[in-house]
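Notes follow the structure.
The values are calculated or read from the model by the stated rules, or taken from the named source; none is laboratory data. None of these values were measured; they are calculated from a predicted model. When we count neighbours, we look across all protein chains shown, and the Cβ atoms used for this are built from the backbone with ideal geometry, even at glycine. Accessible surface areas use protein heavy atoms only, side chains included; no ligands, DNA or RNA. Shrake-Rupley method; radii C 1.70, N 1.55, O 1.52, S 1.80 Å.
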Amino acid sequence: GYDAIGLGNHDIDYGLHITQRLLGGLNCPVLCANLETETMPCLRPYALLQRDIRGDDGQMHPICVGVTSVLPEETRIWNFARMAQADRFSDPVARLAALIPQMKAEGADLIVVLAHTGIAEDTATDRHENFALAIARLPDVTAIVCGHTHLALPGPDHDGIAGVDAGTGHLHGVPAVMPG
């Protein structure tokens, strides 16, 4: 019943060949925009999902939802022993900045980022693995689903961080959620 799945760093703890075997037969796209690998032919950088939604007028309207996913570049370090030499990770925010205009050009009305990352201030020492605020500053991002740190948003876990409305679950004005 999933529309799409985004990889997280622990999904490849036992190697991409195992992940491919587990996810390769799913009936939904498996996404990661900042990992290039030949080990997982099922992996795609994004998906464009055609849906119908009910508008304020009560009528159904077609919409195209662009969904993409990124994970921390550090995954390459954390899982070094399990990665092939040809596997390449790129900067997740830079990759999204390049990919989102392409998704829009292909018809995406909305952009949802499945971001396996936490929320940290730009000056935090762990900001390279917790870059959700940087994603929220990218143009055309409609919503973000965060993870990685196992904290919650909305909620008090991110009170006091500039750019975070912890009460409503917004990052620089972009709706975001982190399930805990």
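Numerical summary
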item: Built amide H within the under 5 Å cut-off of Leu31, gap 5+; result: Ile5, Gly6, Leu7, Arg44
item: Kirkwood Rh and Cα Rg combined as Rg over Rh, evaluated for segment 1-51; result: 0.95
item: Extension gain from Asp13 to Ala162, taking 0.36 nm per residue of separation minus the Cα-Cα distance; result: 50.4 nm
item: Length released on extending from Lys104 to Asp57, taking residue separation times 0.36 nm less the Cα-Cα span; result: 14.4 nm
item: Heavy-atom accessible area ranking, 1.4 Å probe, most first, across Arg54, Arg88, Arg95; result: Arg54, Arg88, Arg95
item: 3J(HN,Hα) from dihedral phi, segment 50-56, Karplus parametrisation 6.51/-1.76/1.60, rounded to Hz, x for glycine, proline; result: 8, 9, 10, 10, 7, x, 4
item: Dipole magnitude of the chain, debye to nearest 20 (Cβ charges: Lys/Arg +1, Asp/Glu -1, about Cα centre); result: 440
item: Proximal charge balance of Val164 [Cβ under 10 Å; K/R count +1, D/E count -1]; result: -4
item: Karplus (6.51, -1.76, 1.60) ³J(HN,Hα), θ = phi - 60°, over segment 100-115, in Hz, Gly and Pro reported as x; result: 4, x, 5, 4, 5, 5, 8, x, 5, 7, 10, 10, 10, 10, 8, 9
item: For the chain, with +1 on Lys and Arg beta carbons and -1 on Asp and Glu, the positive-most of Tyr46, Asn130, Asn27 along the dipole; result: Asn27
item: 3J(HN,Hα) from dihedral phi, segment 4-21, Karplus parametrisation 6.51/-1.76/1.60, rounded to Hz, x for glycine, proline; result: 6, 10, x, 6, x, 4, 6, 5, 10, 4, 9, x, 5, 5, 5, 4, 4, 5
item: Convex hull projection area averaged over all views, the chain, Cα basis, nm²; result: 11.1
